[in-house]
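Report on one structure; see the data block that follows.
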Ligand code: MCA
Ligand code: AMP
């Protein structure tokens with residue numbers, strides 16, 4: 001049966017004995033073994049009750065089996081829903097009850113916490129441990145290594161990815177087979193990824209960057225992937241000579257620049273370094289070139305759209321810009337309040353239209369209507385302008401968002417937690433510059449009149465409810481927050497005060 005993503009990404013490799021994945025322990029998996037494992041995963045999922053269009057929620061370690069689970073989900077007609085392994089139980093409970101998956105895959109250590117939500121939505125819970133054992137693999141092992149692919153057209157959902165909302169609740173971005181394949185094709189062509197490439201993969205596999213940008217392009221091109229459990233500059237240094245490609249967030253590049261031994265010679269075999277998910281400082285760009293002789297290629301994307309723009313492969317990679325719209329994708333600048341297109345060189349809202357743009361937010365028609373225009377333009381929430389040569393510069397964000405080490409953090413979510421603590425009148429969470437993570441989270445808390453707020457309590461409550469990367473790195477107790485005449489908190493004023 002035709003299945004858009006599976007047919008392009010996995011089926012062509014079913015008989016290939018070439019190495020696809022190499023892991024930290026030196027284990028290798030060929031393309032053929034990978035597609036066989038994906039088929040076994042598809043059987044295991046179906047046996048556990050996955051229906052075409054059903055969601056498979058995955059909170060699992062970065063392993064070959066997890067990637068096979070992704071491809072197996074697509075093959076079985078399911079919708080892949082990856083979730084950050086750092087999320088706390090209350091965070092995960094929200095995603096599971098909102099997405100109502102057929103299947104939830106997680107480590108057994110989390111099973112007890114997640115079982116009630118699974119029971120509520122009628123999901124089957126299977127386990128996948130960091131050593132590859134667990135009930136999922138136990139079920140997969142005995143299954144056939146081929147699977148009758150479930151039909152999926154370009155319009156069918158392939159993935160559901162949550163992205164936090166500026167007004168609190170996270171929104172599930174519905175991505176179709178057509179969205180994902182068109183983007184993978186555009187990037188593979190543009191970045192000239194081929195079967196001769198070997199990608200160093202040190203990103204997490206629960207976000208667009210590490211899963212779709214990195215894995216979909218590699219599968220499409222038949223490239224090899226060196227799968228690292230996490231970012232480790234020394235491990236990358238060891239793998240550079242046998243590799244050609246690295247995709248990372250700016251923190252990867254600043255950390256590599258801080259690593260002795262990261263030299264031109266060490267990078268001699270490398271073809272391309274790609275950066276995204278957060279702004280790459282022009283300074284980092286220049287230092288990187290001076291050190292390695294390579295100009296980092298910066299691109300720009302979003303969960304809702306996959307990638308939108310990229311600096312050129314051939315031609316000038318301009319620091320401080322995210323390049324040109326991808327072939328097939330349109331980008332325009334509009335007036336943030338009126339939505340009308342602005343003139344050349346003017347700064348405004350970045351809007352995106354094309355085959356990469358998602359179908360809408362899961363169960364949130366009003367939110368979808370607010371951000372996705374009827375004629376297909378998606379309102380990104382990022383502000384920018386095209387320079388005189390057509391390179392897109394991102395100048396800021398209209399959405400209240402902090403990007404720390406490539407992870408998006410919505411201040412509102414943290415403020416809601418802090419405001420719920422007894423004795424807290426109100427709070428404001430801001431991002432301040434950080435040399436390692438780009439931005440760091442800082443909380444300003446105003447106690448109720450006559451009350452003392454215990455910082456230990458603030459930390460404790462943040463730890464209970466929020467993933468570690470969202471925790472404020474410092475708390476400041478103040479008598480009040482700066483406001484404009486409309487009563488709105490002036491976060492720009494707070495940022496300069498706190499800086
Ligand atoms: C880890 N910590 C963090 C972060 N990562 N805190 C804030 N921001 C972070 N990004 C916490 C750890 O829990 C730890 O807490 C402490 O900070 C220091 O951890 P460290 O060991 O230094 O961190 P790490 O494990 O080396 O991770 C840093 C990292 C990682 C490699 C930059 O965060 C990472 O892989 N980021 C990539 C995120 C990503 O893939 N984003 C793409 C989203 P403690 O000290 O208490 O233990 S997709 C996207 O944005 C769009 C679509 C796009 O365009 O790509
Ligand atoms: P996410 O919600 O995780 O999809 O993150 C998407 C956001 O990351 C975008 O809306 C931008 O604000 C930001 N982003 C991604 N790539 C870049 C980049 N190269 N430069 C600046 N910001 C970026």
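No lab work stands behind these numbers, since they all come straight from the coordinates. Keep in mind that this is a model prediction, so the values were computed, not measured. Note: ideal-geometry Cβ built from the backbone for every residue, glycine included; neighbour counts use all protein chains shown.
Observations
- Of the Cα atoms belonging to the chain, the radius of gyration and Dmax stand at 22.6, 72 Å.
- Where only DSSP H runs of four or more residues are counted, the chain gives -8500 deg cm²/dmol as its mean residue ellipticity at 222 nm, each run worth -39500 (n - 2.57).
- Mean Cα-pair separation over length for region 228-362, i.e. relative contact order, pairs under 8 Å, 6 or more apart, %: 16
- Pairwise label distance in nanometres, residue 264 with residue 28, each label 7 Å out on the Cα-Cβ vector: 3.2
- Rg in Å to one decimal, and Dmax rounded to a whole Å, for region 146-292 via C-alpha atoms: 17.0, 52
- The slack in the chain from residue 464 to residue 490, taken as 0.36 nm per residue of separation less the alpha-carbon distance, amounts to 6.5 nm.
- Within the chain, antiparallel bridges make up roughly 60 percent of the DSSP beta bridges whose residues both belong there.
- 28, 334 arranged by Cβ crowding within 10 Å, fewest neighbours leading: 28, 334
- Histogrammed with a bin width of 5 Å, the alpha carbon distances of region 121-179 distribute as 4, 13, 10, 13, 20, 22, 12, 4, 2, 0 percent, first bin at zero.
- Cα→Cβ-extended label distance, 7 Å offset, between residue 412 and residue 337, nm: 2.1
- Taking 7 Å steps out from each Cα toward its Cβ at residue 130 and residue 155 produces label points 4.5 nm apart.
- Ascending count of other beta-carbon atoms within 10 Å, so fewest first, for 129, 148: 148, 129
- In region 241-321, Cα pairs under 8 Å separated by at least six residues give a relative contact order of 28 percent.
- Pairwise FRET efficiency - residue 389 versus residue 84, Cβ, R0 = 35 Å, nearest 0.05: 0.40
- Sequence of 388, 304, 330 once ranked by neighbouring C-beta atoms within 10 Å, starting from the fewest: 388, 330, 304
- Whether region 364-499 is rounded, prolate or oblate, judged on the alpha carbon gyration tensor where a/c under 1.5 counts as rounded: prolate
- For region 397-441, the relative contact order comes to 40 percent (Cα pairs under 8 Å, sequence separation of at least 6).
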